[in-house]
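Working notes for the structure below.
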């Protein structure tokens, strides 16, 4: 179910697209474009968080992580 915030964001997105040459787009096309843009934004934010973690030293060597994962699966 959509939240008021999501509907507002989509409304702004659709208005911007329509004002900038997307007048031939159907509602379904605009919704698909909006979803793809949100997925790209979410991915970029995740990458930025990961890079910030690396820069701050909040990492764990893969070897340690995999050893812990194996131990937890065995339990």
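Read-outs: derived from the displayed coordinates by stated rules, not from any lab. For clarity, every value in this text was computed on a predicted model and none was experimentally measured. Don't worry about glycine lacking a Cβ; one is built from the backbone with ideal geometry, like all the others, and counts go over all protein chains shown.
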*Helix 4-19 versus the longest principal axis of the chain: what angle, 0 to 90°, nearest 10, using Cα atoms?*
50 degrees
_0 to 90° range, to nearest 10: angle between helix 27-55 axis and the chain longest Cα axis_ = 30 degrees
*Report, in degrees rounded to the nearest 10, the 0 to 90 angle that the Cα long axis of helix 62-74 makes with the longest principal axis of the chain.*
80 degrees
*Specify which labelled value, from (i) -0.64, -0.80, -1.08; (ii) -0.37, -0.68, -1.12; (iii) -0.66, -0.83, -0.98, agrees with log10 I(q)/I(0) by the Debye sum over Cα atoms at q = 0.13, 0.18, 0.24 Å⁻¹ derived from the coordinates of the model shown.*
(i)
*asked:* Using helices alone, I'd like the mean residue ellipticity at 222 nm for the chain: each DSSP H run of four-plus residues gives -39500 (n - 2.57), total over residue count, nearest 500.
replied: -26500 deg cm²/dmol
*Could you check the simple spin-label distance between residue 32 and residue 56, using points 7 Å along Cα→Cβ, in nm with one decimal?*
3.9 nm
*By how many nm would the segment from residue 4 to residue 45 lengthen if fully extended, with 0.36 nm per residue of separation less the alpha-carbon distance?*
12.6 nm
